[in-house]
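The values are calculated or read from the model by the stated rules, or taken from the named source; none is laboratory data. This one's a predicted model, so the numbers in the text were calculated from it and none came from an experiment. Positions of Cβ are generated from backbone atoms using ideal geometry, with glycine treated the same way; all protein chains shown enter the neighbour counts. All accessible areas refer to the heavy atoms of the entire protein, side chains included, with ligands and DNA or RNA removed. Shrake-Rupley method; radii C 1.70, N 1.55, O 1.52, S 1.80 Å.
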Amino acid sequence: AVGESQQIPLTYFDHNIAGSVQLAQAMQRAGVFNLVFSSSATVYGESNSSPYQEDMQLGLPNNNYGHTKLIVEQLLEKLSIADKHWSIALLRYFNPVGAHKSGRIGEDPLGIPNNLMPYLTQVAVGRREKLSIFGNDYPTQDGTCERDFIHVVDLAKAHVLAVENRIKSQGCRAWNIGTGQPISVLQIKSTFEKINNISINSEFVSRRAGDLPSFYANALRANIELGWTPKYTLEDMLADSWNWQ
Ligand code: UDP
């Protein structure tokens with residue numbers, strides 16, 4: 001969690017960086033060299049702009065969580081150059097949402113949710129009073145931020161394809177996992193209301209520090225190299241999130 005990583009940085013350095021190094025050491029001892037790393041689109045930093053492409057020069061993320069993801073990507077890349085046994089996939093997640101169709105697996109964050117989707121579904125279920133929409137004066141189509149939301153089941157399928165790809169290859173390769181479609185916060189709210197036939201209490205509040213106006217992927221590389229195509233629509237993501245909640 002981005003906010004938490006600012007409050008307890010050493011815990012994040014320890015779990016994410018030291019933890020990844022220890023995992024790779026254990027893998028090496030066990031003779032296992034194929035790894036899929038759950039990275040984040042935040043590694044593109046603030047100086048690039050959408051759509052983000054894997055070969056862009058990575059920037060410095062403005063928070064400790066993102067910084068640990070960038071460092072681990074760099075360490076894994078160096079590891080795969082030094083030791084040719086390794087085959088590593090770096091999956092750069094955009095904004096995963098939704099839940100499994102069964103409704104048995106979903107997202108229930110501890111405490112007050114930071115992310116948009118769990119907050120929205122908790123308002124819908126009556127656990128929170130209203131959704132605060134952070135900023136409506138961004139240079140976007142409706143003034144609210146745009147993000148690239150991806151269904152968790154599509155995300156999971158990308159991992160299976162990444163493992164299959166890595167078993168046949170060597171080195172380190174990054175793939176964006178997003179749909180490539182920018183969707184605004186207001187679009188999320190209105191589509192959620194329509195598809196689930198429920199109204200969401202909300203208000204516009206000031207911008208949240210560190211939010212970029214528009215953040216979405218160029219998702220071509222995963223399509224060409226992994227044969228991955230996201231198949232769930234925005235409506236699926238919002239219906240499945242609500243079904244789970
Ligand atoms: N957002 C919002 N209200 C909330 C939580 C998030 O308006 O209670 C907005 C946030 O400003 C951002 C978008 O929703 O533009 C997605 O935020 P989230 O924290 O889910 O993911 P991020 O893109 O920051 O990783």
Counting only protein heavy atoms with a 1.4 Å probe and every protein chain in place, the carbon and sulfur fraction of the accessible surface of the stretch 98-245 in whole percent equals 50 percent
Length gained when the stretch residue 4-residue 132 is fully extended (0.36 nm per residue, less Cα-Cα span): 44.2 nm
Rg and Dmax in Å for the stretch 103-208, alpha carbons only: what are they? 17.0, 51
Tell me whether the stretch 178-245 comes out rounded, prolate or oblate; compute the Cα gyration tensor, take square roots of the eigenvalues as a ≥ b ≥ c, and use a/c under 1.5 as the rounded threshold. oblate
How many percent of DSSP beta bridges within the chain run antiparallel, rounded to 5? 10 percent
Any idea of the accessible area per residue across the stretch 7-106, 1.4 Å probe, to the nearest Å²? 53 Å²
Pull up the DSSP beta bridges for the stretch 92-213 and report the antiparallel fraction as a percent, rounded to 5. 20 percent
Apply the a/c threshold of 1.5 to the C-alpha gyration tensor of the stretch 7-47 and tell me whether it is rounded, prolate or oblate. oblate
Choose one of 204, 30, 149: the residue whose Cα lies farthest towards the positive end of the charge dipole of the chain (beta-carbon charges +1 Lys, Arg; -1 Asp, Glu; about the Cα centre). 30
Can you give the accessible area per residue of the stretch 136-239, in Å², using a 1.4 Å probe? 49 Å²
Just how large is the dipole of the stretch 40-144 about the Cα centre, in debye to the nearest 20, putting +1 at every Lys and Arg Cβ and -1 at every Asp and Glu Cβ? 420 debye
Degrees, to the nearest 10: 234-244 long Cα axis against longest axis of the chain: 80 degrees
Around residue 113, under 11 Å between beta carbons, what's the net of Lys plus Arg minus Asp minus Glu among the other residues? 0
Backbone N under 16 Å from the residue 207 label point (7 Å along Cα→Cβ), restricted to the stretch 175-201: 185
With a 1.4 Å probe and all protein chains left in place, how much of the accessible area of the stretch 1-54 comes from carbon and sulfur atoms, in whole percent? 53 percent
In terms of the alpha carbon gyration tensor, root eigenvalues a ≥ b ≥ c, rounded if a/c is under 1.5 and otherwise prolate when a/b exceeds b/c or oblate, the stretch 1-91 is oblate
What residue among 158, 195, 1 has its Cα farthest toward the positive end of the dipole of the chain, where the charges are +1 on Lys, Arg and -1 on Asp, Glu, each on the Cβ? 158
Return the Cα extents of the chain along principal axes one, two and three, sorted largest first, each rounded to a whole Å. 54, 35, 32
Using +1 on the beta carbon of Lys and Arg, -1 on that of Asp and Glu, and nothing else charged, what's the dipole of the chain about the Cα centre, debye to 20? 520 debye
